[in-house]
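Trainee: Below is one structure. I have some questions about it.
The values are calculated or read from the model by the stated rules, or taken from the named source; none is laboratory data. Keep in mind that this is a model prediction, so the values were computed, not measured. All Cβ positions, even for glycine, are placed from backbone atoms using ideal geometry, and neighbour counts span all protein chains on display.
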Amino acid sequence: MCGIVGAIAARSVAGILLEGLRRLEYRGYDSAGMAVLDHGQISRLRRIGKVQALAEACEKQPLAGHLGIAHTRWATHGKPSEQNAHPHMSGERLAVVHNGIIENFEPLKRELQQQGYVFTSETDTEVVAHLLDRELKQGLTLVDGLRQTLSYLEGAFALGVIHADSPEQLLTARKGSPLVIGVGIGENFIASDQLALLPVTDRFMFLEDGDIAVLEVERIQVFDASGDVVERAVTTFEHGLGNADKGEFRHFMLKEIYEQPRVMQAVLEGRTASGLLLEQAFGSGASAVFDQVKQVQIVACGTSYHAGMVAKYWIEDLVGIPCMVEVASEFRYRPVVLPEGTLLLTLSQSGETADTLAALREVKQRVLATLAICNVPGSSLVRESDLSLMTNAGPEIGVASTKAFTSQLVALMLTTIALGRRHSLTAERETELIAALQQLPELLQQLLQLDGAIEQMSTHFAEKHHALFLGRNSLYPVAMEGALKLKEISYIHAEAYPAGELKHGPLALVDKEMPVIAVAPRNGMLDKLKANLQEVRARGGELFVFAGCEQSIQPEDGVHVIHLPEMPAILDPIAFTLPLQLLSYHVAVLKGTDVDQPRNLAKSVTVE
Ligand code: G6P
């Protein structure tokens, strides 16, 4: 989704802006541009496609200047084109970059057109540039003009603004869309996330909704929504696990799959002692909250939603209280019933997903407490929730989420334990569960050794157009996640079903062109799943089974089996995920798709 970078420095900023954009590429985009104040004039370059195209244009036409803004655009209003790419300008002296959606841009655009403004793009952003220009023409200062402009806007935005008449100032504002300020020495920056700025600083300031900030080389001044000057804390980025480098791996996704053993360690670190959970990990006041929880409402999007679905099986089984799970885009817009004692649990890798944040804001006042399980400290979701548990997975760059999902599952198991203690979960069972979780690094290491066999299996899929994933119980959401991975990066149409539903519809699709992937654990559901698999074989469907133990299912003609190592059953959803990630990865590589930045998708969906 759109990415913003901006810089004000004593040195030339074009290189900083380009590197920042490269680091934001993972968010997904279709065009890129930058505007730099160069000898009193704003020079702008925009290109469709990759940041590399913009970099090449910059080589031919170098932009020198100490103040600039840059942007990667993910089309919402108007097709991907150079005209629609940011920055947008009003006249020659004012340039704006924007992430988010201005919901009332149409009436604003009509009004501005009546006042003589000519639009050169189809974007909602261009109204911001012209509105600001109009305010400046009334005699307002840049910061007052921006404040006045913001008062007209409905929707979500993060903005970067430069004006040729204010060569010493970079302005920024945010409401509902992510934006960080990077605090340098004699230079300051803005960006959509911290990763973009790590080459130039590791000190960051997070703006609150409604804030406007004025950055100068030696000073950052922040105004809150009511115009008062406020202090916002500066925090230092923790260079933890992982970084924005592919290292020896061909793709970020593969690197992130291979990081999972270490990630399992990181998410457990400091969260247990003497075989028991340390509840302080959820924040102060967590224990008092957990004491009062009568049910859990989970809200999330995409892969995070699938993690929530797994947790429903765990919470209802091990805690014995109701757990509802819903995608945020549905939840936020319906009159939900939230009985007394509801814990709202939001799950998000980025902590900036617009629908998840909106769902949190919508019901925050009506629930017992809010808990965010998140991978980005300092993200909006974490800051706006009562309690939080970090997944500590390190930056995830591949658009298709991998390590974030498995680390969310571990965090969810810790949450299940915290709640279970207050209900039927005994201390012995808790110790068993923690001991099982501690086996994960070793277990996932063993699972990675299946990579060669999975790569071979992937050759059966390269020519296929459809695939069906089957699972039962807590492996049904794992099957859903497997199907999502395959469709996201290989563009093969994939659906997941609870295996028991097979004969209620999807069986009609099964023939030799429809590979069926099944995740088959050792639990009580195995015999039932085997019966479902017979139904597939009887229709000529080719089966690809990830099986939980040697005896369970044997390979035969048309039945390919990969056996997983022995492990405690409670780990099944985490363990079975990894081979499915590898399968999608290898199929995508065979198909030659853009694995890390699949078409049309964004890593961080900060607009509705
Ligand atoms: C996008 C990403 C997915 C992710 C989803 C939710 O669709 O491509 O990988 O699962 O957003 O993101 P979140 O950051 O809230 O987990």
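Trainee: Could you identify the single residue in Ala359, Ala328, Ala354 that is within 16 Å of the ligand (Cβ to nearest atom), within 10 Å of Gln297 (Cβ to Cβ) and among the hydrophobic types (A, V, I, L, M, F, W, C)?
Mentor: After ruling out the rest, the residue left standing is Ala359.
Trainee: Can you pull out every residue in the stretch 331-341 that is within 16 Å of the ligand (Cβ to nearest atom) and not aromatic (Phe, Trp, Tyr)?
Mentor: Arg332 - this is the single residue of the stretch 331-341 that is within 16 Å of the ligand (Cβ to nearest atom) and not aromatic (Phe, Trp, Tyr).
Trainee: Mind telling me which of the residues Val310, Val319, Val296 ends up being of a type in the set (Val, Ile, Thr), more than 14 Å from Ala418 (Cβ to Cβ), in contact (Cβ under 8 Å) with a residue 24 or more places away in the chain and crowded, with 21+ Cβ neighbours inside 10 Å?
Mentor: Exactly one of Val310, Val319, Val296 is of a type in the set (Val, Ile, Thr), more than 14 Å from Ala418 (Cβ to Cβ), in contact (Cβ under 8 Å) with a residue 24 or more places away in the chain and crowded, with 21+ Cβ neighbours inside 10 Å, namely Val310.
Trainee: On the given criteria, is Leu37 part of a helix (DSSP H, G or I), touching a residue at least 12 places away in the same chain (Cβ under 8 Å) and surrounded by 18 or more Cβ atoms within 10 Å (Cβ to Cβ)?
Mentor: no
Trainee: If I go through the stretch 372-404 residue by residue, how many of them are within 19 Å of Gly308 (Cα to Cα), in contact with a helix residue (DSSP H, G or I) (Cβ under 6 Å, 6 or more places away or on another chain) and among the hydroxyl-bearing types (Ser, Thr, Tyr)?
Mentor: Total satisfying the criteria: 4.
Trainee: If you go through the stretch 252-260 one residue at a time, do you hit one that is modelled with pLDDT of 95 or more, of a type in the set (Phe, Trp, Tyr) and more than 28 Å from Phe206 (Cβ to Cβ)?
Mentor: Within the stretch 252-260, one or more residues are modelled with pLDDT of 95 or more, of a type in the set (Phe, Trp, Tyr) and more than 28 Å from Phe206 (Cβ to Cβ).
Trainee: Taking Ser458, is it away from the ligand (no atom under 16 Å from the Cβ), farther than 25 Å from Thr370 by Cβ, of a type in the set (Gly, Ala, Ser) and buried (at least 18 other Cβ atoms within 10 Å of the Cβ)?
Mentor: Judged against the criteria, Ser458 is a match.
Trainee: Further, regarding this structure: Evaluate the following for Val319: is it of a type in the set (Val, Ile, Thr), more than 16 Å from the ligand (Cβ to nearest atom) and touching a strand residue (DSSP E or B) at 6+ places or on another chain (Cβ under 6 Å)?
Mentor: Criteria not met by Val319.
Trainee: Of the conditions (1) modelled with pLDDT of 95 or more; (2) in contact with a Phe, Trp or Tyr (Cβ under 9 Å, 6 or more places away or on another chain); (3) assigned to a loop (DSSP other than H, G, I, E, B), Lys109 fails just one. Which one is it?
Mentor: Among (1) modelled with pLDDT of 95 or more; (2) in contact with a Phe, Trp or Tyr (Cβ under 9 Å, 6 or more places away or on another chain); (3) assigned to a loop (DSSP other than H, G, I, E, B), Lys109 violates only (3).
Trainee: Identify all residues within the stretch 451-494 that are within 21 Å of Ala300 (Cα to Cα), touching a helix residue (DSSP H, G or I) at 6+ places or on another chain (Cβ under 6 Å), in a helix (DSSP H, G or I) and not aliphatic (A, V, I, L, M); write none if there are none.
Mentor: Pro477, Glu481, Gly482, Lys485
Trainee: Considering each residue of the stretch 352-371, count those that are part of a loop (DSSP other than H, G, I, E, B), in contact with an Asp or Glu (Cβ under 9 Å, 6 or more places away or on another chain) and modelled with pLDDT under 95, and give that number.
Mentor: 1
Trainee: Also, quick follow-up: If you go through the stretch 69-88 one residue at a time, do you hit one that is buried (at least 18 other Cβ atoms within 10 Å of the Cβ) and more than 21 Å from Thr606 (Cα to Cα)?
Mentor: Looking through the stretch 69-88, none of the residues is buried (at least 18 other Cβ atoms within 10 Å of the Cβ) and more than 21 Å from Thr606 (Cα to Cα).
Trainee: Scan the stretch 438-449 and tell me whether some residue there is in a loop (DSSP other than H, G, I, E, B) and in contact (Cβ under 8 Å) with a residue 12 or more places away in the chain.
Mentor: yes
Trainee: Which condition breaks for Leu24 when tested against (1) away from the ligand (no atom under 16 Å from the Cβ); (2) closer than 25 Å to Ala602 by Cβ; (3) in a helix (DSSP H, G or I)?
Mentor: The number of the failed condition is (1).
Trainee: Restricting to the stretch 372-381, count the residues that are in contact (Cβ under 8 Å) with a residue 40 or more places away in the chain and either away from the ligand (no atom under 15 Å from the Cβ) or assigned to a helix (DSSP H, G or I) (or both).
Mentor: Final tally of qualifying residues: 1.
Trainee: Being among the charged types (D, E, K, R), away from the ligand (no atom under 16 Å from the Cβ) and in a helix (DSSP H, G or I) is the filter; apply it to the stretch 387-429 and report the residue that is nearest to Tyr258 (Cα to Cα).
Mentor: Ranking the candidates gives Arg429 first.
Trainee: Out of Leu150, Leu94, report the one residue that is farther than 23 Å from Leu24 by Cα, touching a residue at least 40 places away in the same chain (Cβ under 8 Å) and in contact with a helix residue (DSSP H, G or I) (Cβ under 7 Å, 6 or more places away or on another chain).
Mentor: Leu94
Trainee: For Val327, all conditions in the list (1) closer than 28 Å to Ala233 by Cβ; (2) touching a Phe, Trp or Tyr at 6+ places or on another chain (Cβ under 6 Å); (3) not charged (D, E, K, R) hold save one; what is the number of the exception?
Mentor: With (1) closer than 28 Å to Ala233 by Cβ; (2) touching a Phe, Trp or Tyr at 6+ places or on another chain (Cβ under 6 Å); (3) not charged (D, E, K, R) applied to Val327, the lone miss is (1).
Trainee: Among the residues that make up the stretch 324-343, is at least one of them out of contact with any helix residue (DSSP H, G or I) (no Cβ under 6 Å at 6 or more places or on another chain), under 22 Å from Gly378 (Cα atoms) and either in contact (Cβ under 8 Å) with a residue 12 or more places away in the chain or small (Gly, Ala, Ser) (or both)?
Mentor: For the stretch 324-343, residues out of contact with any helix residue (DSSP H, G or I) (no Cβ under 6 Å at 6 or more places or on another chain), under 22 Å from Gly378 (Cα atoms) and either in contact (Cβ under 8 Å) with a residue 12 or more places away in the chain or small (Gly, Ala, Ser) (or both): present.
Trainee: Something else: Test of understanding: among Glu463, Glu481, Glu384, which residue is surrounded by fewer than 22 Cβ atoms within 10 Å (Cβ to Cβ) and either within 16 Å of the ligand (Cβ to nearest atom) or of a type in the set (Phe, Trp, Tyr) (or both)?
Mentor: Glu384
Trainee: From (1) closer than 26 Å to Thr342 by Cβ; (2) within 16 Å of the ligand (Cβ to nearest atom); (3) modelled with pLDDT under 95, pick out the condition that doesn't hold for Glu279.
Mentor: (2)
Trainee: Still on this structure, please answer the following. How many residues does the stretch 14-62 contain that are over 25 Å from Asp245 (Cα atoms), at pLDDT 90 or above and among the charged types (D, E, K, R)?
Mentor: 3
Trainee: Out of (1) more than 11 Å from the ligand (Cβ to nearest atom); (2) within 18 Å of Ser604 (Cα to Cα), the odd one out for Leu344 is which?
Mentor: Condition not satisfied by Leu344: (2).
Trainee: Scanning for something surrounded by 23 or more Cβ atoms within 10 Å (Cβ to Cβ) and assigned to a loop (DSSP other than H, G, I, E, B), does the stretch 323-346 turn up at least one residue?
Mentor: No, the stretch 323-346 has no match at all.
Trainee: Then there is this: If the Cβ limit is 8 Å and pairs must be 6+ apart or interchain, which residue in the stretch 113-128 that is in contact (Cβ under 8 Å) with a residue 12 or more places away in the chain pairs with which residue that is of a type in the set (Asp, Glu) and outside any loop (DSSP other than H, G, I, E, B)?
Mentor: Close Cβ pairs satisfying both conditions: Tyr117/Asp133; Thr120/Glu126.
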